Amino acid sequence: MAEAARAAETAIVPAPSRNRVGRQVRVPKTAELVAAHLRRQIVRGELKPGDALPPESGLMEQFGISRPTLREAFRVLESESLITVRRGAHGGARVSAPDADVAARFAGLILEYRGATLGDIYRAAALIEPPCARQLAVKHTPDDIKRLRDAVAAEKSVLDDPLALVEAQDAFHALLIELTGNQTLILLCGMLRNIIDRANASYTAAATDAETQKAQALKGHRAHVRMVGLIESGKADEAEKLWQRHISSADDVVNAAGPKTVLELLD
């Protein structure tokens, strides 16, 4: 690795000429190579969350690099939330678990830049979540049902607290996907739910008609209770159709709150 880093620092890519085919290739910076090496160790589990990286002097010697280059590599990994760095005499770098919220925030930023609407997000969720409900109705365990029942019980306990109820109901949606066990769906839906959660919280905080808001919350809660029953009974078709209607209904409510439905997620 040290040899590769030194080679990257000194490598010069020839300028294009008429006798060459293709285009100029950018040689990665040394800091990028070091970050890639450490990133690979984290993702492969060779470095665990909470592990302290070796002291800077040790890493500089290992990779054959300067302190500014090492700190640039650290900044890359910090921006990806793969490490946290504390400055000072007792500081240092520690490994963090890859965080799906980072991907969700970045996706939300891109969608907001592109002028995406809340309707876009709900329609995407409506394509992904209902088949997950079907899958869970077809195949589930007693522990799955217990967790779903605990989730609706948590909703019931906060029916008079609008913001807490939004959080509890969003947690039910996330659990429904989690129980499929499909890591790709869990990540994709987690990104969508992160955006929807923030939109729901903003809508709830801005709502002025408390009675209407409570009626909508109770309607959503009843749909969740019924969903658990359908899943437990193995009624896959009905579970999928109920979840399709449920998400579409939530889309209608939020988008009816005002004419401006483009995403506004920046703090």
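A few remarks follow.
- Protection-proxy order for peptides 70-76, 42-48, 135-141, each taking the mean of Cβ atoms within 10 Å per residue, highest first: 70-76, 135-141, 42-48
- Take every pair of alpha-carbon atoms less than 8 Å apart whose residues are at least six positions apart; their mean separation over the length of the stretch 126-197 yields a relative contact order of 37 percent.
- Net charge contributed by nearby residues that have their C-beta within less than 14 Å of Arg87 (K/R +1, D/E -1): +3
- Max-minus-min Cα coordinates of the stretch 21-84 on each principal axis give 47, 24, 19 Å, with the largest extent listed first.
- Rg to Rh quotient for the stretch 30-146, alpha carbon positions, Kirkwood Rh: 1.16
- Between Phe106 and Gln41, the C-beta separation translates, for a Förster distance of 25 Å, into a calculated FRET efficiency of about 0.65.
- Set of lysines with alpha-carbon distance to Lys146 below 27 Å, sequence-local pairs under 8 removed: Lys156, Lys214, Lys219, Lys235, Lys241
- Protection-proxy order for peptides 116-129, 147-160, each taking the mean of Cβ atoms within 10 Å per residue, highest first: 116-129, 147-160
- Kirkwood-based shape ratio for the stretch 153-196, expressed as Rg/Rh from alpha carbons: 1.05
- Taking every C-alpha pair closer than 8 Å and separated by at least 6 residues, the mean separation divided by the residue count of the stretch 28-131 gives a relative contact order of 26 percent.
FYI, it's all coordinate maths here, none of it is from the lab. Since the model is a prediction, treat every value here as computed from it, not as a measurement. Note: ideal-geometry Cβ built from the backbone for every residue, glycine included; neighbour counts use all protein chains shown.
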